[in-house]
Every structure is written in structure tokens, then in C-alpha cells.
């Protein structure tokens, strides 16, 4: 089976991408890295300003260095409503060797979602690229509609079975917390509906789960995506380690003025400190000069990476334990 991993992980920075390869190598386990088009795209995303080619050059270099790493490169949220730009992103991903592409039609009118998704699936099939389907506008209040799911999957699976079908489960991220509630009954219904198609169920927004919450998903959810939590971890480590650095306030101010925290908060702005907002959205600002100033000293940078590596390894071990059927 090509896709054995149960974890999709956001490459929120060059440091995190390196740590994810290191984890796969040391643990001898497969993982999926899931860059969105906001993070990495043909023009350059917010992660290291990488365009798709630069990102894949980094991936290939890490794959050569970490000999035992088993990392699948999976495009997250290729939005299909951007016309020629969406098509350009698709063909760039295919040419650069992505293993899987999430075809997300949620930015299209409902009547155009299936037809457009089918066109993109045919392109993936022509080049032997796996795909993931399912719209994912998440509000933490999932609804189950068996007829809607079957109307969507029937024509798709007549072409080719997707690797994953994405559906809301009740999870929802706000601030740096999991504020959603896993709807086990609904997820069981979704699973029973898609079972005849032989497609695996994937949950997005699965950050900040406890071990019991992860175990609750066993036998119901086949794979989970985690991304913002990794970026928040790096920001928190940096803010703690460089609290007295002259550039720390510049970085916090940059995070605040970026307004990248807006979609993640659920309280009035006056109830947050600037530092709290920085932790929420710091990863969007790692390319800013103030952040680079904090890590200019090579020894301090290496120390930060070591602390972050340990924290991410602990987090991924937690998820692996929770999802393992052997525990």
C-alpha cells in the first residue's frame, strides 16, 4: 500500500520540514507532508517564500540526507475555483512529483463542484497521481447527508477511487486550542457511507488533541492533518528562548500588524496580549527580518532547533501512540 501513514503534517518552516524528515527517518515510519497553496505555490508562499520548485528541491535534498525517511508529498487544499491558476498549480505539482493532491472544490458554487472535480481527477489519472476529495469549510458543526456523499462519490469512483475523502468531524481550532467536539455518531455514519467505495476517511483540523481524544478516532478516522500547532510550537519556543533579545518586540509587533491572527481568534481582540497573538500567527511571519534577527547567531539557532525537535517528536509520538491499533 502506497499510503500507510495516518498523519498529514504541515511544513510550517524549513526547520519543521527538516524535523519531520528526521522523525520519519529515526522512527522508520511513513508520514505525509501537506503544503497548502498558501504555504507553497508557483509564485512563492509564506513558508520561506518557497515556490513549488524550491520546495521540492528542499524535499529532495532532505530525502537524500535522511536515508530511511518515508515521506509522501501531498498538496493540501488545491482550490479549484481559480480557473487557469488552479490548473497551473495542478500541473506544476504533477511535474514536480507530488504524490497526492487534495482537490478542494469548496470555493466553487455547489452545482459546479462535482463537474470540476471530475476534470481535475482525469488529469491526476493521466499522470498516475493519487488524489483526495471532499470540501472542507469547517465551522465545528458537521452535518451528515448520505445522499449528498453518494452523489459526489459515485461518479468519482467510477473513474478512480480517491485515496482519502475529507469530511468534518466536529474538530475546530481556535487560538491555540482544539475547541471542537468529536461527533463519533456522525463520523460512524460517514464511515459506513463511504465504506463500499473503499476510500479512507480523513480529518482535517486535528491539532491540539489529547491522547484520549486521539484514541477515540481509532477505527473511525483513517488519517489526520496537523499543521497550525506545529507553527505555534516553533513560535512559542522562539519567544521563550529569545525573550530578552532586542529584536523580540519587533517580531511580536510584526505578528500583530500582519493580522494573520484574525481567522484564528474567538474572543474580542482586547482579551489577548500581543504575545498571545504572536504565538497564534507567528509562523506566517518567519520570513520577516525581525525573526531572522532573532536567529542570526548559529549557536542560538541550533539550540532552538534542538528544543523544537524534542517537542515535535513528543507530539508526533503521542499521535502515533493514540492512532496505533497495537496500544
Q: Could you tell me whether region 166-184 includes any residue that is touching a strand residue (DSSP E or B) at 6+ places or on another chain (Cβ under 8 Å), farther than 30 Å from residue 281 by Cα and touching a residue at least 24 places away in the same chain (Cβ under 8 Å)?
A: no
**Q.** Evaluation of residue 134 against (1) modelled with pLDDT under 95; (2) within 27 Å of residue 4 (Cβ to Cβ); (3) surrounded by fewer than 19 Cβ atoms within 10 Å (Cβ to Cβ) (one fails), failing number
**A.** (3)
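The values are calculated or read from the model by the stated rules, or taken from the named source; none is laboratory data. Worth saying up front: this structure is predicted, and the values here are computed from it rather than measured. Every residue, glycine as well, gets a Cβ built from its backbone with ideal geometry; the counts of neighbours run over all protein chains shown.
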